[in-house]
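Engineer: Sharing a structure with you now.
The values are calculated or read from the model by the stated rules, or taken from the named source; none is laboratory data. All figures in this text were calculated on a predicted structure; none of them were measured in a lab. Ideal geometry is used to build each Cβ from the backbone, glycine not excepted, and the neighbour counts take in all protein chains shown.
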């Protein structure tokens, strides 16, 4: 299978992409040779991601369904603004690590979302820094500030000491806010699901009683049957 | 049925209304002829919405119940401030598109709320811009800023770089905040419902056991009955 | 019963208290005679609330339990800062109105919390205005601003264009924030409960099958019994 | 058992640690002798916590499992930044108080989280004050401001009138925001669990019907058996 075999190589490509994407943003003093190299790696990674998408599309038996289910994959490849989202592949990797760890459903949901949140905050900080740095009056001008802003946004705290002013920066912020609402929803839902379950377990005793009654019924019917059989044997 | 037949025409009217409402706000330099035309379309749309309300009221068999259940419809027609809410009819349209798509309950809830949220943010941005533009010291003075403010408000982030200062603008903001809380609630609840369900599915095996036991009981009773019938036949 | 008979009179006292509490805050230009009257009404209302607490304590059969269960009642009477909370009695009144309306549990929870939220926002705005007005550099200096601040706080938006600076004002703010978190929790939980229920209803068909099987079992046993009775009658 | 016997002494050590940690922060004018004493108590408490960790590690039968399950304990001891978290031991104490009070699961969750929240807010205010005081342009310069900031952060309101500017202060803020999201999740989930349960109780009548039918079945089988026995006796 293409997808299985390409999982690890593409994750490696995603890590390289992350490095090539982050380096020129974190090192504004980087020389032009370094910048060109990062650009080349970024484009190569893009090519490999696009190739992977095309191969998977060609190999899929139900093509319209594949297109419908992988809309995000296509957008991530086509839109330059969504470039940092290509790193979500690294979250997909948690899937693999996880398969061996054999966690329960709730545990897996938590691991996914913590991983995705950390990656989203990191990439959003990089992307917003890239978008805001050329603007004179911007408040976000170095990576610690960008990271701090990303965290206050995803948690919906929003102090307002730093905020993006460019259009691209604001689009990234909207994405972060949506992610923040989803994050809050997942945390709450996971805990609610755990609590509902625990409370039900305490009340499960009454259901066990019902089950015991059914077992009792079965036993009585068996005895009844034996008695009938005995009475028949006597009749003969 | 009036309601069924008027669904599509009234949606068309709502789209026209949206255009006539948004145009003079987005184009402050619009000439007086254009403004008059937009005004005329807005009033015509209002007339059609009011007519639709009256016809539905006259046709309903239980009039007090209709009045109670359509309070919002009446408010939207009577109060000029709630004008943008007339566009919620467009969300009602999702209902139609959806009927064909045959989504599950949770899917429908998600589609509704995403549609409603996008429409609410867009209309609130228009309405707040209309309310704030005449004020000298207002921070919200163009559409991108208004949209940015609406998103930071509905997600309850609230940076505070832009905020309404007029009474009307603040009322719109309160509506957006309430919508934001509802949005957060819906996201969380939908995910919680999905998670609770998935966890229950895993535990459903124990219930299947109970059902198997009942099937076993039924089978034994049938056999018992056959034995009794046989014993009776022998008696004859 | 004291409690039943005093319900309506004490609600009237609470309304009077609200008027006497709000008037001097909303009308800073109120003369000293008006202020004295408001003060008198406030103290009389306090006396009646205290009397009601004492009578209920004396009449209760299990006094330690009454003290434990009505800690908030006592605090509201003893602490001058919690004065506005005496108006929560008005929310308790929703209870009465509701009893006749015969709403379902979820409906009642919603009615309570909407009523409580509106009252809390209104009282917090009054209380914060009283606390902040004497301070020179305070941002909250009139009632519309106080109301606007209260709404941005309870929804956890927190623009930061207005915020309390006095100790009392900040304490009121903390109360509002806690109320806001509770409000968000109630909205989400109510919707989650509704959604979980609706999804379960769809899946309830499989449980109905089980119930139908039990009915089938009962019918078969009845027939079996009739057959046995007939066989006995024939034997005679 | 070491753990049982050391519970109360270590809680006493935690209280001492809290005093020695808070005193020099709350009293910036404290003389050098007082500072040295506080330093000594802090280090002694650290020594005892480290000793407790080592003893528990040595006594545990499954050492790798102990290491995995007590990662936070180790971090709290090793990282100087996490010093205030040592006070979480005081929350663990609620466990003991609670065991006697015999609360239900939901009640216990509420008590834990209220206790933990108050302690986290208090310690975060202390820690942020310690981190921000040396910085010239910081907005958090006294304990009431620090406490106010901590509350606006954990509730995700985030006015932005005060915010940390140092790296350490921002790290503490991130911790508070995460705690705030968890808090919101717990409040919502607890209420949702209660509401789901209450709604189910109302619908439990239909399940009681099923149980009554099973009882009816049992009774009929017993009668059937008696009739069979009687018929057998007559046969003899």
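Engineer: Consider residue B:183 carefully, then state whether it is under 14 Å from the mean Cα position of the chain (by Cα), within 9 Å of chain A (Cβ to nearest Cβ) and at pLDDT 70 or above. Let's see the steps before the verdict.
Structural biologist: On the way: under 14 Å from the mean Cα position of the chain (by Cα): yes; within 9 Å of chain A (Cβ to nearest Cβ): yes; at pLDDT 70 or above: yes.
For residue B:183, the condition - under 14 Å from the mean Cα position of the chain (by Cα), within 9 Å of chain A (Cβ to nearest Cβ) and at pLDDT 70 or above - is met.
Engineer: Another question, if that's okay. How many residues does the range A:29-67 contain that are out of contact with any helix residue (DSSP H, G or I) (no Cβ under 8 Å at 6 or more places or on another chain) and under 21 Å from residue A:1 (Cα atoms)?
Structural biologist: Counting residues in the range A:29-67 that are out of contact with any helix residue (DSSP H, G or I) (no Cβ under 8 Å at 6 or more places or on another chain) and under 21 Å from residue A:1 (Cα atoms) gives 8.
Engineer: Considering C:141, C:170, which residue is farther than 21 Å from residue A:155 by Cβ and assigned to a loop (DSSP other than H, G, I, E, B)? Let's see the steps before the verdict.
Structural biologist: Numbers: C:170 fails: assigned to a loop (DSSP other than H, G, I, E, B).
Of the residues listed, the single one that is farther than 21 Å from residue A:155 by Cβ and assigned to a loop (DSSP other than H, G, I, E, B) is C:141.
Let's see how each residue does on (1) within 7 Å of chain A (Cβ to nearest Cβ); (2) crowded, with 20+ Cβ neighbours inside 10 Å; (3) modelled with pLDDT of 75 or more:
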{"residue": "D:158", "(1), (2), (3)": "yes, yes, yes"}
{"residue": "D:168", "(1), (2), (3)": "no, no, yes"}
{"residue": "D:201", "(1), (2), (3)": "no, no, no"}
{"residue": "D:204", "(1), (2), (3)": "no, no, no"}
{"residue": "D:209", "(1), (2), (3)": "no, no, no"}
{"residue": "D:213", "(1), (2), (3)": "no, no, no"}
{"residue": "D:231", "(1), (2), (3)": "no, no, no"}
{"residue": "D:236", "(1), (2), (3)": "no, no, no"}
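Engineer: How many of the residues in the range C:39-59 are farther than 16 Å from residue C:72 by Cα and exposed (fewer than 14 other Cβ atoms within 10 Å of the Cβ)?
Structural biologist: Here is the first cut: in the range C:39-59, the ones farther than 16 Å from residue C:72 by Cα are C:39-45, C:47-48, C:55, C:58-59.
Remaining after also requiring exposed (fewer than 14 other Cβ atoms within 10 Å of the Cβ): C:39-40, C:43, C:47, C:55, C:58-59.
Residues flagged as farther than 16 Å from residue C:72 by Cα and exposed (fewer than 14 other Cβ atoms within 10 Å of the Cβ) within the range C:39-59 amount to 7.
Engineer: Please specify each residue of the range A:158-192 satisfying the condition of being over 11 Å from residue B:191 (Cα atoms) and touching a residue at least 60 places away in the same chain (Cβ under 8 Å).
Structural biologist: From the range A:158-192, those over 11 Å from residue B:191 (Cα atoms) are A:158-181, A:191; that's our starting set.
Listed by number, the residues that qualify are A:168, A:171, A:179.
Engineer: Kindly provide the set of residues from the range B:132-147 that are at the interface with another protein chain (Cβ under 9 Å from one of its Cβ atoms) and crowded, with 24+ Cβ neighbours inside 10 Å, ordered by number.
Structural biologist: None - no residue of the range B:132-147 is at the interface with another protein chain (Cβ under 9 Å from one of its Cβ atoms) and crowded, with 24+ Cβ neighbours inside 10 Å, so the list stays empty.
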